[in-house]
């Protein structure tokens, strides 16, 4: 059996579980977490890997979520005007 065969990876973000897609040939994995699940400020995560025998290992930590920057709207003239940053 290869070292990465049939490994399952579960990612928990802020108490919600997500199942990762695992490439059993390489052991690489990825998971999609919706933006709505990421809080502005501190977020907690746990990553759990489970082998075919049911043995598991996990790692936990925190990361900081930030809100997307919005372009300001100038309403002083009575007309909505987008102020775009210079490139």
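The values are calculated or read from the model by the stated rules, or taken from the named source; none is laboratory data. The model shown is predicted, which means the values in this text are computed figures rather than measured ones. FYI the Cβ positions are ideal-geometry reconstructions off the backbone, even for glycines, and counts take in every protein chain you see.
Some notes on this structure:
- Exclusive hit being in contact with a helix residue (DSSP H, G or I) (Cβ under 9 Å, 6 or more places away or on another chain), modelled with pLDDT of 90 or more, surrounded by 10 or more Cβ atoms within 10 Å (Cβ to Cβ) and in a strand (DSSP E or B), set 18, 45: 18
- Applying the criterion of being under 11 Å from residue 11 (Cβ atoms) and part of a loop (DSSP other than H, G, I, E, B) to the residues of the stretch 32-42, the residue that is farthest from the chain's Cα centre (by Cα) is 32.
- Whichever residue in the stretch 51-68 is surrounded by 11 or more Cβ atoms within 10 Å (Cβ to Cβ) and at pLDDT below 95 and, among such residues, is nearest to residue 19 (Cα to Cα): 51
- On the stretch given as the stretch 30-39, residues that are surrounded by fewer than 10 Cβ atoms within 10 Å (Cβ to Cβ) and farther than 13 Å from residue 19 by Cα total 2.
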